[in-house]
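The values are calculated or read from the model by the stated rules, or taken from the named source; none is laboratory data. As the structure is a computational prediction, the values presented were derived from the model and not from experiment. Neighbour counts are summed over all protein chains in view; Cβ atoms, including those assigned to glycine, are modelled from backbone coordinates with ideal geometry.
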Amino acid sequence: MRNNKDRIIFEKSEETLEDLEKYSRTAEYPINDLFFERWSPSHLSGEEIEIEELMPLFEAAKWAPSAHNNQPWRFLFAMRGTPNWKLFFNLLSDVNKKWAKDASALIIILSKKTFDNGKPSMTHSFDTGAAWENLALQGFLMGYAVHGMDLFDYDQAKKKLNIPNSFQIEAMAAVGKPHKKTTSEEMEIYRHPSPRKKTEEIFYEGKFPRGDFQN
Ligand SMILES: Cc1cc2nc3c(=O)[nH]c(=O)nc-3n(C[C@H](O)[C@H](O)[C@H](O)COP(=O)(O)O)c2cc1C
C-alpha cells in the first residue's frame, strides 16, 4: 500500500529507503521519534560483523521487564560466515531467504514456558516480546537493521537446534547493516511502508466495545 505522500517523495527524489520509511510515518500523539523511526529494512549489506557488535542488542533485551522477573527469553544466534549460519538460514522460507541472505546474524528467539520453580507462566511470550522490542530498538539506535521473522520452519528449528519442550520458539530475527545505496528498482522491491492502526482502533476506555469491527 502506498499513500499519495509516499508516491510524491518516491517519484521526485533520490531519497534512501530509510528516508522514505521515515517520511511515510506520522504519530498522532507526541512520542519520542525512536518509536516510529524504528522499522524493518530488508535491503542489507551482506557484511560480516563481530559477535561483540551483537552483544549490546542482547544486553538491551535482558533489561526488559518480566513477570516475577522470570526473564524467560533465550536467544540462539548464528553469525554470517560461521558453520551455524547455514543451519539457521536453511530454516527460513524462500521469501525470507531472498533478502535475509544479506544479513549479518540470524537470531532465534525462545521463551521458557515455566517459571524457574516449574509452575506454568502465563506471560512467557508477552515478556519475551518486550525483550525482543528492546533488542530491536537497541539495534536501530546502533544503526543496524533488525527484522523479525515468523516465516520459517518451526518444527525443523526445534529438531535441528535441540530446543527442549519446555521452550517455545517465538520468532527469528535478521540483523544486518542496511544497504545504503538503493536503486529505484530496489526501492520498489524492498520497501515496506508500514502504517499503523489509528489509536482509537486499539485503545478502549472500560469494557471491550460491541460492534462488527472486533474480528
Ligand atoms: C514476530 C514477527 C514476525 C515477522 N515475520 C516476518 C517475516 O517472516 N518476513 C518479513 O519480511 N517480515 C516479517 N516481519 C516484519 C513485519 O512485517 C514488520 O515488523 C511490520 O510490517 C511492521 O513494519 P516495521 O517493523 O517496519 O515497523 C515480522 C515481524 C515480527 C515482529
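Among the residues of segment 127-150, is any at pLDDT 95 or above, assigned to a loop (DSSP other than H, G, I, E, B) and within 12 Å of the ligand (Cβ to nearest atom)? So far as segment 127-150 goes, yes, one or more of its residues are at pLDDT 95 or above, assigned to a loop (DSSP other than H, G, I, E, B) and within 12 Å of the ligand (Cβ to nearest atom).
In this entry, S111 passes the filter for residues that are in contact with a Pro (Cβ under 7 Å, 6 or more places away or on another chain) and at pLDDT 95 or above. One residue stands out in segment 37-58 among those that are part of a helix (DSSP H, G or I) and within 16 Å of the ligand (Cβ to nearest atom): the one that is surrounded by the fewest Cβ atoms within 10 Å (Cβ to Cβ), namely E37. For segment 127-156, the tally of residues that are closer than 21 Å to H43 by Cβ and without any contact (Cβ under 8 Å) to a residue 40 or more places away in the chain stands at 2. Out of all the residues in segment 187-206, is one or more at pLDDT below 90 and closer than 24 Å to W85 by Cβ? Yes, that holds for at least one residue. Tell me, which residue of segment 156-176 that is over 19 Å from A131 (Cα atoms) and either within 16 Å of the ligand (Cβ to nearest atom) or outside the structural domain of S104 (by TED's automatic domain parsing) (or both) is surrounded by the fewest Cβ atoms within 10 Å (Cβ to Cβ)? The extreme case among them is Q156. Looking for something in contact with an Asp or Glu (Cβ under 6 Å, 6 or more places away or on another chain), modelled with pLDDT under 95 and not assigned by TED's automatic domain parsing to the domain that holds F167 - is there at least one such residue anywhere in segment 26-37? No - not one qualifying residue is present in segment 26-37.
When the residues of segment 177-186 are narrowed to those that are surrounded by fewer than 17 Cβ atoms within 10 Å (Cβ to Cβ) and assigned to a loop (DSSP other than H, G, I, E, B), which ends up modelled with the highest pLDDT? Within segment 177-186, the match that is modelled with the highest pLDDT is K180. The residues of segment 88-122 that are of a type outside the set (S, T, N, Q), within 16 Å of the ligand (Cβ to nearest atom) and in a loop (DSSP other than H, G, I, E, B), listed by number, are L91, K101, D102, A103.
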